[in-house]
1. For the chain, which longest stretch is free of loop sites, where a loop site is one of the GluC sites (Glu not before Pro) that DSSP puts outside H, G, I, E and B and that has at most 16 other Cβ atoms within 10 Å?
2. As a footprinting exposure proxy, order His64, His77 by other Cβ within 10 Å, with the fewest listed first.
3. Counting Lys and Arg as +1 and Asp and Glu as -1, what is the net charge of the other residues whose Cβ lies under 12 Å from the Cβ of Glu200?
4. For Rg/Rh (Cα atoms, Kirkwood Rh), the choices are (1) 0.97; (2) 1.12; (3) 1.07; which was calculated from the structure?
5. Return the Rg/Rh ratio of the stretch 131-232 with Cα-based radii and a Kirkwood Rh.
6. Return one quarter of the surface area of the convex hull spanned by the alpha-carbon atoms of the stretch 80-157, equal to its mean projected area, in nm².
7. If neighbour count is taken as other Cβ atoms inside 10 Å, put Tyr102, Tyr70 in order from fewest to most.
8. With the dipole of the stretch 80-157 worked out from charges on the C-beta (+1 for Lys and Arg, -1 for Asp and Glu) around the Cα centre, which of Ser152, Pro140, Leu89 lies farthest toward the positive end?
Amino acid sequence: MLRIDEVINSEAFSDRCDVVVIGGGIVGVSTAYELARRGISVTLIEKGIIGGEQSGRNWGWVRHQNRDLYELPLAMHSLKRWGELSSELGDDIGFRKSGILYGTEQEADVERWKAWLAQAREVGFRSDILSARELEARVPTSKARWVGGLWSATDGRAEPSKAAPAIARGAQKSGARVLQNCAARGLDMSGGRVSGVWTERGRIAADSVVLTGGAWSALFASTTASICQPLTW
C-alpha cells in the first residue's frame with residue numbers, strides 16, 4: 001500500500017484569512033505555498049489528507065514535452081520551480097531531472113513531433129527527434145518496431161508520495177494554516193461576492209477562494225451554483 005508522507009494539522013482554526021484554498025492536492029498546496037511566501041494569509045482545507053488522492057497516486061511526470069504550445073511557457077516556468085523547491089523548502093520532494101523519452105511505431109507521430117518541436121523552439125524549448133536506431137540503443141530490451149522517438153533531457157519526475165506533503169509543510173512554515181479532514185460544504189456570499197467558506201468545523205471568512213478539488217471540484221461547484229449566479233440588473 002502506498003504511504004503518503006505525513007503533514008501535521010495546523011493547531012488553530014482561524015475564522016478569518018485573505019484566501020481559502022479548497023483541496024490539498026499538488027495544485028492546492030502549491031497555491032497555498034506561493035501565496036503564503038508572499039505574506040498573504042492563507043488557509044488550506046482538505047476533506048481527507050494532503051496528497052491522499054490523485055496527487056499521491058500518479059507517475060509524477062514534470063514535463064515540457066508534448067504540451068499544448070499555449071501552455072508551454074508556463075510548463076517551462078513550472079519545471080524551473082520544481083528544480084528550486086527541494087532546497088527552498090529544506091525538504092526532499094523527490095524531483096529528479098532524468099529526462100523523458102517517447103517512442104512510436106507510427107510515422108505520423110514522428111511528423112507530428114517534428115511540427116510541434118519546430119514551434120516549441122520559437123519559445124526557447126529544445127528537444128531531440130531520435131531515429132529508430134537511436135531509440136533502440138536507448139531501449140535495447142524492447143521488442144517494438146520503433147520508427148522514431150522524442151527525447152527531452154530537461155524533463156523529469158517528482159515523487160508523488162513526497163511532493164504535495166513537502167510543499168504543504170513549506171506553506172505552513174511560511175504562515176499558512178493547513179486543515180485536513182475538514183471538508184468544504186459551500187461558499188458564503190455577501191452582496192453577490194464570495195465572503196467565505198462553510199466547512200465541517202465552521203465558517204472561514206475570506207476575500208478570495210481558490211477551488212483546487214480535482215475530480216471533486218465539479219461536485220462542489222454544482223452544490224454551490226445556486227448561490228453563485230451572477231447578478232442581473
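Every number here is computed from the coordinates shown, using simple stated rules; none is lab data. All values derive from a computational prediction rather than experimental measurement. Don't worry about glycine lacking a Cβ; one is built from the backbone with ideal geometry, like all the others, and counts go over all protein chains shown.
1. 106-199
2. Sorted ascending by nearby Cβ count, the order is His77, His64.
3. With Lys, Arg at +1 and Asp, Glu at -1, the neighbours total +3.
4. (3)
5. Value, to two decimals: 1.26.
6. The number I arrive at for the stretch 80-157 is 6.1 nm².
7. Tyr70, Tyr102
8. Pro140
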